[in-house]
Amino acid sequence: MNHFDDLPKRNHNHVIEEKAEAAFKIRLSESGSFILQGVDRKDYGSDCQIEVVDQGQATNVRLHAQLKGTERAPNADGSISVEIRRTNLNYLLMHPHSFYACYHVPTDSLRICFAESVLRQYDHGGQSWPEQRTLTVSFSEVLTVEKLRALAALAQSEARSARNRRLEQSMADAADMAGILRQLVPDIQVPQDPAAAAAILSHLYENGEDEVISAGFDKFVAVLGADGDTIGPCYMAEINLSMMGRVRFPERVERAVAHFMARIKDGRYQAGSLHYTIGNAFSALGDELRAKEAYEAALADSGLMRDPALIAQVFKNLGTSLELLGDQDGAVERYQEALRLSPGLPEAHYALGNHYHRLGRYENALVHFDNVVFTGGQYSKTLAVAGMRANTLFNLGDGRGAFREINTLLSQADSKPWVWPWCSRQVANFGRATTDNAVQARAFWQRYISAYPEVSLARRELLLVNFYLREQGEILGTSYTEFQNVFNLHIAHIDKDHAALPWDRLGHWAQDEGNWREAERCFRNAYELEGGHYGYCLGTALNFLDRFEESLPILREQAEVIQADALSWFQVAVACAGLGRVAETVDAYRKALVLDPNYDLAMFNLGGVHWNNGNLNEATRVWQLAVRQFPNHELTTKLRHEMPFVFAS
């Protein structure tokens, strides 16, 4: 019966594969960062999926892994070689951070090689590898617990970034999508290899890509470590962004301080440069006193003297800290010293330009702003200078130059959210200063409304610019009735808090054309929205419409409370006269003349009230005063013809 013991032999490869899987599971468990989520039943190219675990929480962040096992002897350099199918590599490359894990039986060790590394090796090797059926994977890196933890952090950071971008776009309205896409910062793919990641980080920093570095901060930390020597550019990029007023991650800047302070203690780096960077970090955090101390420590380092450009930058930043601490004179001295050391230093010119701008010395400010030239990836700073130059040119009366700067800014408005609000403030302040400004302001507001039709301020300013141009004698090419249609289109979108003045200006247009009924309607809308001094125009229009019962209470409030001037009392007198209240009429005209003794019409009208009331002596007395005070007045001529007795001695 021995023939029944003749059983199938177990394939030796299966034994190796089981050992590889067992070793891999143990290493995953030891890391505490992954769980084996599933083994592929149909092996097209991925043996299993592993899921990142974060503080005991499943994350649904999954990586694909291909397990290999071999008993081959190591290569001369200690690496282990395993052949794979080229299609298998293509399969793994469909997902980020896919890798091969190799269990080496003789040494009982696990190795790792990422699919991207295999691709890079062959793509840079000059071989026509896409035509090969098989490829060789060289395993040289040990799959340690630390490596798995770093990989988990990198994968989770990348997954979160991708998720946040996807959800932001999913929740956005269709009209906002283009703007969201324009403001997206490129999502950097950080390689798992520390040397490659460090090289990319250094290159990005040298080219001023602070935003990109900040967006990939957690990825770089996952690969390079939070305290490694090569992570420095990450911290410096975060400091740079924070110094520009974008302190999004203060905890990163605080970690940067500790990081660079530790570098001072170990003595391997130039202390002056490190003190300068630490000063920048404190300044970014708003601690200008400690920033000042750090900058002064940097200047005290004799080793820094070999780098005049850096010394100049330290002086400039020290000046900024002194300025924020209230020492303006000390700040200006440092800015000037910075320019002595580095005459073209843009930050120092910009700082001095702002200083002179605050003092109202706009010519001096413009000289410095014109000398600001930022290079490299500092376009945001260049735009900020253009903004200040626009305001300076407006203050110097150069509206054309100012609008040229504004047009430069608007070319970047889609990616810089601050541009439209800044430019709108400048145009609102200066757009109606001159006719030339107003012509360009009108085009600006039309463009603004096209981009942001819901902004009430833009529509209000567009109407006011048109009214200003009309008042300055500019031909608008439209009648009052035609302009009403334009007005109605915009006024419907203007907040009630901002609508009174446009209604008032439209009322004055109607008044100029003698259309008092339409003027009354417009003035009433202004008065009902905001009250106050708008009552004078409404009361005046009501007087012209002989609606004295309505006008008198409004005009009395103007004369007694809101604007106690001669014009208000004159209109009170007109209303009282229309109601037949002689004594009140006389009193109102007299009050107008007390406030303005040269108010000709008030004096002639006062004489007329006395005449109509039968008080001929008082009428004659008042008219005699009037003709002596206003000998060339048309009413004097009328009195000479109609009432010559007024001129009798």
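The values are calculated or read from the model by the stated rules, or taken from the named source; none is laboratory data. Since we're looking at a predicted model, the values are computed, not measured. Please note: Cβ atoms are built from the backbone with ideal geometry, for glycine as well, and neighbour counts cover all protein chains shown. In case anyone asks, the SASA skips ligands and DNA or RNA and just uses the protein heavy atoms, side chains included. Shrake-Rupley method; radii C 1.70, N 1.55, O 1.52, S 1.80 Å.
A quick yes/no check of all residues on (1) β-branched (Val, Ile, Thr); (2) crowded, with 16+ Cβ neighbours inside 10 Å; (3) within 22 Å of Ser242 (Cα to Cα):
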residue: Ala262; (1), (2), (3): no, no, yes
residue: Arg268; (1), (2), (3): no, no, no
residue: Leu274; (1), (2), (3): no, yes, yes
residue: Met305; (1), (2), (3): no, no, no
residue: Glu337; (1), (2), (3): no, yes, no
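For the subset of the stretch 55-100 comprising residues that are assigned to a strand (DSSP E or B) and among the aromatic types (Phe, Trp, Tyr), which member is surrounded by the most Cβ atoms within 10 Å (Cβ to Cβ)? Filtering first and then ranking leaves Tyr100.
Test Gly397 against the criterion of being open to solvent by 20 Å² or more (accessible area, probe 1.4 Å) and over 21 Å from Ala312 (Cβ atoms), and give yes or no.
Details: open to solvent by 20 Å² or more (accessible area, probe 1.4 Å): yes; over 21 Å from Ala312 (Cβ atoms): yes.
Spelling it out, Gly397 is indeed open to solvent by 20 Å² or more (accessible area, probe 1.4 Å) and over 21 Å from Ala312 (Cβ atoms).
Look at the stretch 101-139 and say how many of its residues are over 20 Å from Gln192 (Cα atoms), assigned to a helix (DSSP H, G or I) and either open to solvent by less than 20 Å² (accessible area, probe 1.4 Å) or in contact with a helix residue (DSSP H, G or I) (Cβ under 7 Å, 6 or more places away or on another chain) (or both). So the answer is 1.
For (1) farther than 30 Å from Tyr448 by Cα; (2) touching a residue at least 40 places away in the same chain (Cβ under 8 Å); (3) in contact with a strand residue (DSSP E or B) (Cβ under 6 Å, 6 or more places away or on another chain), each residue gets a yes or a no:
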| site | (1), (2), (3) |
| --- | --- |
| Leu299 | yes, no, no |
| Tyr362 | no, no, no |
| Leu366 | no, no, no |
| Asn391 | no, no, no |
| Thr408 | no, no, no |
| Asp414 | no, yes, no |
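Among the numbered conditions (1) assigned to a helix (DSSP H, G or I); (2) touching a residue at least 12 places away in the same chain (Cβ under 8 Å), the only one that Asp546 does not meet is (1). Residue check: is Ala564 outside any helix (DSSP H, G or I) and either out of contact with any strand residue (DSSP E or B) (no Cβ under 6 Å at 6 or more places or on another chain) or within 26 Å of Val486 (Cβ to Cβ) (or both)? Judged against the criteria, Ala564 is a match.
Out of all the residues in the stretch 356-375, is one or more closer than 24 Å to Glu211 by Cβ and within 16 Å of the chain's Cα centre (by Cα)?
As a first pass, look at the stretch 356-375 and keep what is closer than 24 Å to Glu211 by Cβ: 372-375.
When the remaining residues are screened for being within 16 Å of the chain's Cα centre (by Cα), the result is none.
Looking through the stretch 356-375, none of the residues is closer than 24 Å to Glu211 by Cβ and within 16 Å of the chain's Cα centre (by Cα).
Checking the stretch 308-324 against the condition returns no match, with no residue being part of a loop (DSSP other than H, G, I, E, B) and either of a type in the set (A, V, I, L, M, F, W, C) or free of Cβ contacts under 8 Å to residues at least 24 places away in the same chain (or both).
One residue stands out in the stretch 412-441 among those that are small (Gly, Ala, Ser) and assigned to a helix (DSSP H, G or I): the one that is nearest to the chain's Cα centre (by Cα), namely Ser424.
Evaluate the stretch 159-171: report whether one residue or more is under 19 Å from Val52 (Cα atoms), of a type outside the set (A, V, I, L, M), open to solvent by 50 Å² or more (accessible area, probe 1.4 Å) and in contact with a strand residue (DSSP E or B) (Cβ under 9 Å, 6 or more places away or on another chain). Before the answer, list the steps.
Taking the stretch 159-171 as the starting set, the residues that turn out to be under 19 Å from Val52 (Cα atoms) are 159-164.
Still in the list and also of a type outside the set (A, V, I, L, M): 160-161, 163-164.
So of that shortlist, the ones also open to solvent by 50 Å² or more (accessible area, probe 1.4 Å) come out as 160, 163-164.
Filter again for in contact with a strand residue (DSSP E or B) (Cβ under 9 Å, 6 or more places away or on another chain), leaving 160.
Checking the stretch 159-171: at least one residue is under 19 Å from Val52 (Cα atoms), of a type outside the set (A, V, I, L, M), open to solvent by 50 Å² or more (accessible area, probe 1.4 Å) and in contact with a strand residue (DSSP E or B) (Cβ under 9 Å, 6 or more places away or on another chain).
Applying the criterion of being in contact with a helix residue (DSSP H, G or I) (Cβ under 8 Å, 6 or more places away or on another chain) and of a type in the set (D, E, K, R) to the residues of the stretch 279-292, the residue that is most open to solvent (accessible area, probe 1.4 Å) is Arg290. What residue, among those in the stretch 463-518 that are acidic (Asp, Glu), part of a helix (DSSP H, G or I) and open to solvent by 50 Å² or more (accessible area, probe 1.4 Å), is farthest from Tyr452 (Cα to Cα)? Here the residue is Asp512.
Across the stretch 228-271, which residue is nearest to the chain's Cα centre (by Cα) among those that are β-branched (Val, Ile, Thr) and within 14 Å of Ser283 (Cβ to Cβ)?
Val247
When you go through Ala575, Ala564 one by one, which is the residue that is crowded, with 18+ Cβ neighbours inside 10 Å and of a type in the set (A, V, I, L, M)? From the options Ala575, Ala564, the qualifying one is Ala575. When the test is whether a residue is open to solvent by less than 30 Å² (accessible area, probe 1.4 Å) and part of a helix (DSSP H, G or I), Asn364 does not pass it.
Can you tell me which of Ala386, Ala331 is closer than 25 Å to Pro421 by Cα, buried (at least 16 other Cβ atoms within 10 Å of the Cβ) and in contact with an Asp or Glu (Cβ under 6 Å, 6 or more places away or on another chain)? Step through it out loud before you land on a result.
Working: Ala331 fails: closer than 25 Å to Pro421 by Cα.
Of the residues listed, the single one that is closer than 25 Å to Pro421 by Cα, buried (at least 16 other Cβ atoms within 10 Å of the Cβ) and in contact with an Asp or Glu (Cβ under 6 Å, 6 or more places away or on another chain) is Ala386.
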